[in-house]
Amino acid sequence: MSKGLHNASYRNHCDLAERQVAELPEVIRRFWPKVAVGAATECWLWQGGRSGEGYGSFRIGRHRMGAHRVAWSLTYGPIPDGADILHSCDVKRCCNPSHLSPGTHTDNMRDASARGLLAVPHPTMPRKLTTEQVSEILTHVARNGRGAITEMARKHGVSQPLVSMIVRGARRQYDSIERVG
Ligand SMILES: [Zn+2]
């Protein structure tokens, strides 16, 4: 099935490309303040501009990229070739990585993606972290302080800003649970 020209060019030009990997800390620094990060299960709404289709729109260099695609990529790594990033919550502005998953219009690709076959680790982009790795990071940083962030980033092969983000995110979720209780 053919896709609209707009969709096609939007996708082709707007993934985090090789040359943009060097700008990753800058991207992370600019991106997350524009997301209303909430509790783990809530929708995290994009506060910046939007595309004509209603998705959050984030500028990287000369290109615009769907904010939900940036959120997924910063959390899990490169978007599998040709994949769309789908919302389980159906809220187009939502950037909560746990509401997002890669999918395509063909069953084969969707199945492959579900099995993790398309999540190819990239040498410099953040890899997908397992739940166990995330909990190890959180425990280790809680015990040893923020100085342990560098050590954890090196050990798990991800960027320091990503580890900081995970630690900050967990802290915020913990705070919001505290407030409710
Ligand atoms: Zn959502």
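Remarks
- Taking 0.36 nm per residue of separation and subtracting the current Cα-Cα distance, fully stretching the chain between R29 and R168 would add 48.8 nm.
- Sparse-neighbourhood loop sites, trypsin sites (Lys or Arg not before Pro) in the stretch 37-99 - DSSP loop, at most 15 other Cβ within 10 angstrom: R62
Every read-out reported here was derived from the displayed coordinates using simple, explicitly stated rules and does not represent laboratory data. Just so we're clear, the structure is a prediction, and the values are computed from it rather than from any experiment. Neighbour counts run over all protein chains shown; Cβ positions are idealised from the backbone, glycine included.
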